[in-house]
Amino acid sequence: MSPTAQTKPQPQDQAVATTPDREIVTTRLLDAPRELVFKVWTDPKHLPHWYGPNGFRTTIEEMDVRPGGVWRLVMHGPDGRDYRNHIVFSEVVPPERLVYRHVPEPGAEIATHETIVTFADRGGKTEVTLRLVFESNAVRDHIIKTYNALEGGKQTIGRLADYLAQLGGSVR
């Protein structure tokens, strides 16, 4: 998929701030087995093909998927801006769950959050839930307003769905 391809929201897409204070949750049922979905989420050779909202490219600098492991990536925005991400994994349960914390880099957005991704088997399909938990309501609202995070989550999961369809149920 090209970085500029547009993924249209699907009826099953959900992206809402489910608790009034600190969370953004995006859920979608994907037509792929959870082992494949987990692999595509945790393998640095797959992530650049789908990770990030429409129009973004992603460069993986480092990815060590284990508790305490570091994931460094750069999301290259369509406006030419680079968004550096430093992530530390706290929980890895293949193929069920990932928990990681975004750690601010010097000069980057100071808003930090924990991300919890669950991969639930739904009869050969996978329900992915992406949950971002912020330190406060104010930080969450700032991220939603400044970075359009609700739509960005839906687009990212949409790009994942498109990439999985391209793979046709097998890992390359």
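Quick look at the numbers
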read-out: Global geometry of the range 113-172, whether rounded, prolate or oblate, following the gyration tensor of its Cα atoms and the 1.5 cut on a/c; value: prolate
read-out: Cβ-based exposure ranking for 116, 157, in which fewest neighbours within 10 Å come first; value: 116, 157
read-out: Neighbour cut-off at most 16 other Cβ (10 Å), DSSP loop, GluC sites (Glu not before Pro), the range 67-146; value: 96, 109, 135
read-out: Kirkwood Rh and Cα Rg combined as Rg over Rh, evaluated for the range 95-136; value: 1.15
read-out: For the chain, projected area of the alpha-carbon convex hull averaged over all directions, nm²; value: 9.4 nm²
read-out: The range 43-53 - phi-based ³J(HN,Hα) in whole Hz, Karplus 6.51/-1.76/1.60, Gly and Pro as x; value: 9, x, 6, 8, 4, x, 7, 8, 6, x, x
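Readers should treat all values here as calculations from the given coordinates under stated rules, not as data from a laboratory. This structure is a prediction, so every number in the text was calculated from the model and none was measured. FYI the Cβ positions are ideal-geometry reconstructions off the backbone, even for glycines, and counts take in every protein chain you see.
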